[in-house]
Amino acid sequence: MSGNTSNSGLESQAKRDPHGDFKAVESSRPKFDQEATWKYTKNIDPGWKPGSGANNASWKDHRKVEVDPYGEGRSHVDNYKLLISGITPRFIGFISTVSKDGTTRNLAPFSYTTVVNHDPPIFCIGFSGGKGSHKDTCKNLLETGELTINVISEWFIEAANYTCTNAPYGVDEWKLSGLTPIVSKKVRPAHVAESAFSIEAKLIHSHEWTSKTDPTRATGTLCIVEGVNFHVREDIANDKLNMLDISALKPVGRLGGITYSRTMQGFEMTRPVYDEDKVKEILN
């Protein structure tokens, strides 16, 4: 996410990096296991029955604490840190845009990104900062109405992460990261060659948020966009081009602070079919 006063201010207040010397901490950790492969396991409790509740009782040992997001002494930064550490893992939308005059390219990751509909394909993207302090990506998107959304995978996470440096507007993150642009077909912004799944998209609606404690201060912008063209890597997609192989996609997600996640293990659960006879005793 390219630098601006809003983003830099939030980052300095949030202090997401808890380490005084991150490189020293990182050097003490085991190496990244590039040989690890995706695997399926059984469900946590294959014998679970309707009405059984949680699969263990450890939750009973702890109580929930109520948190008023607007309580006395609580800041918006507290809410930010709580939300990004609790709503996890989050998909990272790696977004490519161009300026209105076409002279400036921008590439940055945003974890306030998600798909919300498939017909038509609709995505929502949240940007912190409002009028006068928009992130470069948001500014470009609002002015041009076009972008690409790219999935981040393990093989280029370092390059993707480097694009969120606090560079001034106009600096080309494509060059800083060393990533490869591919010309899109239906929008002006390029999509990322290294990404196994990219979406060309167009803006259909935006909404600006204001602070509850100071209604004069714009705090964020929601952009709703429609996917108008897809690009998938041939070895990761099936023959019908309607499913991607998670073991080959190796998506990277966002957790709290400066932590990322990898997807290496999963279990399957069938969607239950309602059986009135089986649940009769539970409901009565």
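Go through the stretch 56-93 residue by residue and tally those that are within 29 Å of residue 157 (Cα to Cα) and either assigned to a loop (DSSP other than H, G, I, E, B) or not aromatic (Phe, Trp, Tyr) (or both). Break it down into steps so the answer makes sense when it comes.
The first filter runs over the stretch 56-93 and keeps only residues within 29 Å of residue 157 (Cα to Cα), leaving 76-93.
Keeping just the survivors that are either assigned to a loop (DSSP other than H, G, I, E, B) or not aromatic (Phe, Trp, Tyr) (or both) gives 76-79, 81-93.
Count: 17.
When you scan the stretch 192-206, do you find a residue that is farther than 30 Å from residue 37 by Cα, assigned to a loop (DSSP other than H, G, I, E, B) and in contact (Cβ under 8 Å) with a residue 24 or more places away in the chain, even just one?
No, there is no match, as no residue in the stretch 192-206 is farther than 30 Å from residue 37 by Cα, assigned to a loop (DSSP other than H, G, I, E, B) and in contact (Cβ under 8 Å) with a residue 24 or more places away in the chain.
Would a scan of the stretch 131-142 turn up a residue that is more than 18 Å from residue 224 (Cβ to Cβ), of a type in the set (Asp, Glu) and either within 15 Å of the chain's Cα centre (by Cα) or crowded, with 20+ Cβ neighbours inside 10 Å (or both)?
Yes, there is a match, as at least one residue in the stretch 131-142 is more than 18 Å from residue 224 (Cβ to Cβ), of a type in the set (Asp, Glu) and either within 15 Å of the chain's Cα centre (by Cα) or crowded, with 20+ Cβ neighbours inside 10 Å (or both).
(1) in contact with an Asp or Glu (Cβ under 9 Å, 6 or more places away or on another chain); (2) over 16 Å from residue 191 (Cβ atoms); (3) in contact (Cβ under 8 Å) with a residue 60 or more places away in the chain; (4) not in a strand (DSSP E or B): which one isn't true of residue 160, the others all being true?
Here residue 160 clears every test but (2).
Name the residue, out of 125, 92, 157, that is closer than 20 Å to residue 176 by Cβ, buried (at least 22 other Cβ atoms within 10 Å of the Cβ) and either touching a Leu at 6+ places or on another chain (Cβ under 7 Å) or at pLDDT 95 or above (or both). Don't jump to the end; show me each part of the working.
Working: 125 fails: closer than 20 Å to residue 176 by Cβ; 157 fails: buried (at least 22 other Cβ atoms within 10 Å of the Cβ).
The conditions single out 92.
Find the residue count for the stretch 80-89, including only residues that are exposed (fewer than 14 other Cβ atoms within 10 Å of the Cβ) and either under 15 Å from residue 220 (Cα atoms) or without any contact (Cβ under 8 Å) to a residue 12 or more places away in the chain (or both).
We begin by selecting, within the stretch 80-89, every residue exposed (fewer than 14 other Cβ atoms within 10 Å of the Cβ); these are 85-87.
Then drop every residue that is not either under 15 Å from residue 220 (Cα atoms) or without any contact (Cβ under 8 Å) to a residue 12 or more places away in the chain (or both), which leaves 87.
Qualifying residue count for the region: 1.
Filter the stretch 185-213 down to the residues that are closer than 19 Å to residue 234 by Cα and of a type in the set (D, E, K, R), then identify the one that is surrounded by the most Cβ atoms within 10 Å (Cβ to Cβ).
Step by step, filter the stretch 185-213, then rank; the result is 200.
I'm trying to understand the selection: among the residues of the stretch 61-104, which are of a type in the set (D, E, K, R) and closer than 28 Å to residue 199 by Cα? If you could, list the steps in order and put the result at the bottom.
Here is the first cut: in the stretch 61-104, the residues of a type in the set (D, E, K, R) are 61, 63-64, 66, 68, 72, 74, 78, 81, 90, 100-101.
Within the stretch 61-104, 90, 100, 101 qualify.
Output the qualifying pairs, or none if there are none: Cβ atoms under 6 angstrom, residues six or more apart or on different chains, first residue in the stretch 25-54 and without any contact (Cβ under 8 Å) to a residue 24 or more places away in the chain, second residue surrounded by 10 or more Cβ atoms within 10 Å (Cβ to Cβ) and of a type in the set (S, T, N, Q).
Every condition considered, the pairs that remain are 45/55.
Return the pair list, or none, for Cβ contacts closer than 7 Å from residues in the stretch 272-284 that are surrounded by 10 or more Cβ atoms within 10 Å (Cβ to Cβ) to residues that are modelled with pLDDT of 85 or more and assigned to a loop (DSSP other than H, G, I, E, B), at least 6 apart or on different chains.
What qualifies is 278/50; 279/50; 282/50; 282/51.
Please determine whether any residue of the stretch 129-139 is under 28 Å from residue 250 (Cα atoms), among the polar types (S, T, N, Q), modelled with pLDDT under 95 and not in a strand (DSSP E or B).
Yes - at least one qualifying residue is present in the stretch 129-139.
Quickly run through the stretch 218-266 and pick out the residues that are of a type in the set (Lys, Arg), free of Cβ contacts under 8 Å to residues at least 60 places away in the same chain and buried (at least 17 other Cβ atoms within 10 Å of the Cβ).
Pass one, the stretch 218-266, residues of a type in the set (Lys, Arg): 233, 240, 250, 254, 262.
Remaining after also requiring free of Cβ contacts under 8 Å to residues at least 60 places away in the same chain: 233, 240.
Once the filter is applied, which keeps residues that are of a type in the set (Lys, Arg), free of Cβ contacts under 8 Å to residues at least 60 places away in the same chain and buried (at least 17 other Cβ atoms within 10 Å of the Cβ), the stretch 218-266 yields only 233.
Working only within the stretch 163-186, note down all residues that are aromatic (Phe, Trp, Tyr) and part of a helix (DSSP H, G or I). Explain how you work it out, then say what you get.
Our first condition is that a residue be aromatic (Phe, Trp, Tyr); within the stretch 163-186, this holds for 169, 174.
Correct list: 174 only.
Can you confirm whether residue 104 is surrounded by fewer than 21 Cβ atoms within 10 Å (Cβ to Cβ) and polar (S, T, N, Q)? Break it down into steps so the answer makes sense when it comes.
Working: surrounded by fewer than 21 Cβ atoms within 10 Å (Cβ to Cβ): yes; polar (S, T, N, Q): yes.
Yes: the conditions hold for residue 104.
Conditions first: (1) in contact with a Gly (Cβ under 6 Å, 6 or more places away or on another chain); (2) modelled with pLDDT of 95 or more. Residue 246 passes all but one, so which condition is the exception?
For residue 246, the exception is condition (1).
I'd like the full set of residues that are farther than 27 Å from residue 146 by Cα, assigned to a helix (DSSP H, G or I) and among the hydrophobic types (A, V, I, L, M, F, W, C), limited to the stretch 219-267.
246, 248
The values are calculated or read from the model by the stated rules, or taken from the named source; none is laboratory data. Source: prediction; values computed, not measured. Note: ideal-geometry Cβ built from the backbone for every residue, glycine included; neighbour counts use all protein chains shown.
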